[in-house]
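Asker: Dropping a structure here in structure tokens format, bear with me for questions.
Please treat every number below as a calculation from the coordinates, not as lab data. What you are looking at is a predicted structure, and each value in this text was computed from that prediction instead of being measured. Reconstructed Cβ throughout: ideal geometry from the backbone, glycine too, with neighbour counts over all protein chains shown.
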Amino acid sequence: MPTALVLALSLAHAVPAAAQSATSTPAPLPADTARTEATTTAGGERSELERVTVSVGRGQLRSVQSLTQAEFDNALAGTSPLATVARLPGVNFQAADGLGNYEWSTRFTVRGFSQNQLGFTLDDVPLGDMSYGNFNGLHISRAISSENVGRASLSQGAGALEAASSSNLGGTLQFYSNDPTGQFGFRASQTLGSDSATRTFLRVDSGASSLGQVYLSYTNQEADKWKGAGQQKLEQWNFKWVKTVGDSRLSAFANTSRRREVDYQDLSLDLIKRRGDTLDNFYPDFAAAVNAANTLCQPSNYVAACDDQYYAGAGLRNDELAGATADLRLATNATWKTTAYYHHNKGMGLWFTPYTATPALKDSQGNDIPGTGSPIAERTTEYGIHRWGVVSNAEVELGEHLLKVGVWFEDNDFDQARRFYAVRPNALPSIYQFPSNPMATQWQYAFNTKTTQFSLSDTWSVTKDLTVGAGFKSLKVKIDGNREVGNDMPSGSITAQKNFLPQLGINYRLSASNELYGTIARNMRAYQGAATGTSPFATNAVGFDAIKGSLKPETSDTIEAGWRTSGLGYEGSVSAYLVNFKDRLLSVQSGSGIQGNPVVLSNVGDVRATGVEGALSFRLAPTLTWYNSVSLSKSTYRDDVVSGGTPVAIRGKRVADAPDTMVKSQLGYDDGALFGSIGVDYMSKRYYSYTNDASVPDRTLVNVSAGYKMKNVSMLRELSLQASVSNLFDKHYISTIGSNGFTNSDKDGTYATLLPGAPRQFYVTLTGKF
């Protein structure tokens, strides 16, 4: 481990961060008492963590860690909630921008499982797998403004049985919004930062009334890219209503998002060596892009340098997400919680491709009109989501048993198309607007995905020290794909179904300060109902017919065990795990990513992951905290594969984007007025080729922040100023790997699937609460 890291860790890193942090965890409760105790928040609600983790506080039957409101409040305004969660053990989060919001680059992995193999929810509403081309959800940064996130719970291994997810082979990350305050108030925050970054956040809370209490917030964020030209923009409205009726609670939310982000160019190791890590697309220099297309990209003169730079790329997303929840206390020993939700999305991924030309317009004589044609076209992948669903869970306490039953149903209509639009030098299209009037549609699909999940579990307090739990879920996901445009493209149906996915757990309290736990669980990941990505439909008609009867959904078997300890001023945990991941699906694409060639999907064998994780939190003084986490893991492929008829020897090779070692440490200070933190984040080498002949080196990052709060300043209840610096020592490093997927081999370093991390960034936020 680098000497700099060891020295930094001696200072170390910890705003009260983990769920089991000494600053935020209640006193330990006996397992049977913890199971039934209803904790409350400032809004008087029953804690959602009780619903996520079998029991609250200590007594969980599996590895679960959480972040509280304080951790999200102390994060820099606009920081992705995923970046805040990244301090927890086993978590690897990467992004190419300073705040972690650039969705093409964001990668969130847990214990070697990639983002599309995890489960994500917000207030029990499923967010899908949060991948860039998401077909059944949306990213958390669009689902809610980061200032309105109240808490999060991460289950690193065996996810909650009742969690609404069809992708959680690995863990489950569940976010919860904060409640409207019981007092009328107004909050205004303004952030300024590097690269002309600005973020405005406004929120008004109604206060309590006979009709309940509500908040309405508005967010507007803009920033230039840290290299190249173009902006990344986000505009959001969030609304939430809460009303308590006796021991029951009603709530509803409605959130909108408008995101526009200009892409960074994907790089390779060879490109970085030849032209540096600040290389980017040509935008706004269209003449340079035309020159490259004419001299490098034509069939008669094509050279690999054609793919060094393109004119531009962008991601456009419009989202509306709404949900309503009835959390009812039916009796002293019974609750029933039901959430109904709806999500609409309109999205496009834009690429200006030199592989398709824009023909010139013709005059009345049939001659080309000068300035109306070009060797470049605007290629889009277009998304449209209309999904609705219901999540319903009931709990009944019968003596020493806590019975849970859950149901989730979702109906998702997903429209997807690949189109090309004219790019005329005399009327260049805006990269911030949805184009219209396509000149060609390569393919167009209408998918319908119906998801049905049922779960049942029993948690039994055998003695005051011993708790055991057993349960299962059944999951069925049926996809109907209807090809509306496109030759030699597949249509048809495919179903992923497992009727018995069991989960067993045990917790034994050794003493008032120490406990042991263990879990065994099986999970399944459904197929993706889309025409791109790791999907059975991302191929041709012959390929789909060949695989639809033999393809198997991915499954995983997880075994984990751990020890938790706590005492005066400290709290710690250690866990070990073994995961066998079966029937891995692999899609292989030929050519560069922008060409959009079809992939071939097949089951290619198994993966095994083993590891040990630890977290330790200290309160060194009333104002000083120190949090540390360490993750040691080994994830390997268990079988060789055949790609394009060629054997590829990957048995025993390390899994792509699964670092062996991660160390995170944070030292935090807060005396009620002055506050600050210094954080260190170390990650070991990561591979991006399956044969492990291509990798990016380890890196160590340091972030610092400091601020000051004042109470009752003139007409303000509180005034605060916070300054932050990310990547303090301005390190050059590769953040995202796999932006264009992984490759079998890249000995020459020419595969463009890397995104460098942002250089040192400065931010300052002024917040007033009225």
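Asker: Enter the Cα centre distance for the pair the range 118-135 and the range 225-265, rounded to the nearest angstrom.
Answerer: Each part's Cα centre sits 14 Å from the other's.
Asker: Report the FRET efficiency, 1/(1 + (r/R0)^6), for ASN301 and THR278, where r is their Cβ-Cβ distance and R0 is 45 Å, rounded to 0.05.
Answerer: With R0 = 45 Å, the Cβ-Cβ based efficiency is 0.95.
Asker: Let me know the charge dipole size of the range 54-769 about its Cα centre in debye, to the nearest 20, where only the beta-carbon of Lys, Arg (+1) and Asp, Glu (-1) is charged.
Answerer: 700 debye
Asker: Starting at the first residue of the range 514-528, write each ³J(HN,Hα) from the Karplus equation 6.51 cos²θ - 1.76 cosθ + 1.60 with θ = phi - 60°, in whole Hz, x for Gly and Pro.
Answerer: 9, 8, 10, 8, x, 9, 10, 8, 10, 9, 10, 10, 6, 5, 8
Asker: Read phi for every residue in the range 403-420 and hand back ³J(HN,Hα) as whole Hz from Karplus 6.51 cos²θ - 1.76 cosθ + 1.60, θ = phi - 60°, with x for Gly and Pro.
Answerer: Each residue's phi maps through the Karplus curve to give 9, 10, 9, x, 9, 9, 10, 9, 10, 10, 9, 10, 9, 9, 8, 10, 10, 10 Hz.
Asker: Within the set of other residues whose C-beta is less than 10 Å from the C-beta of ALA446, count the net charge using Lys and Arg as +1 and Asp and Glu as -1.
Answerer: For residues surrounding ALA446, the net value is -3.
Asker: Could you tell me the calculated FRET efficiency between HIS386 and LEU510, based on Cβ-Cβ distance and R0 = 35 angstrom, to the nearest 0.05?
Answerer: 0.10
Asker: Let me ask you something else. Using the number of other C-beta atoms within 10 angstrom as an exposure proxy, rank ARG717, ARG525 with the fewest first.
Answerer: Starting with the residue having the fewest Cβ neighbours, the order is ARG717, ARG525.
Asker: Still on this structure: Let a ≥ b ≥ c be the square roots of the eigenvalues of the Cα gyration tensor of the range 103-215; is it rounded (a/c under 1.5), or, if not, prolate (a/b larger than b/c) or oblate?
Answerer: Oblate is the answer for the range 103-215, as a/c is 1.5 or above yet b/c matches or exceeds a/b.
Asker: Using the Cα atoms of the range 54-769, I'd like the radius of gyration and the largest Cα-Cα distance, Dmax, both in angstrom.
Answerer: Expressed in Å, the Cα Rg and Dmax of the range 54-769 come to 25.6, 92.
Asker: Could you list which residues have their amide H under 5 Å from that of GLN442, counting only those 5 or more apart in sequence or on another chain, with H placed in the peptide plane?
Answerer: It is ARG418, ARG419, PHE420, by chain and number.
Asker: Farthest toward the dipole's positive end in the range 370-515, which of GLY492, LEU504, TRP460, given Cβ charges of +1 (Lys, Arg) and -1 (Asp, Glu) about the Cα centre?
Answerer: GLY492
Asker: For the range 328-343, take each phi angle, set θ = phi - 60°, evaluate the Karplus expression 6.51 cos²θ - 1.76 cosθ + 1.60, and give the result in whole Hz per residue in order, putting x for glycine and proline.
Answerer: With the stated coefficients, the range 328-343 comes to 10, 8, 7, 7, 4, 10, 9, 10, 9, 10, 10, 10, 9, 8, 9, 9 Hz.
Asker: Still on this model: What is the calculated FRET efficiency for ARG651 to MET715, with r their C-beta to C-beta distance and R₀ = 60 Å, to the nearest 0.05?
Answerer: After rounding, the FRET efficiency stands at 0.30.
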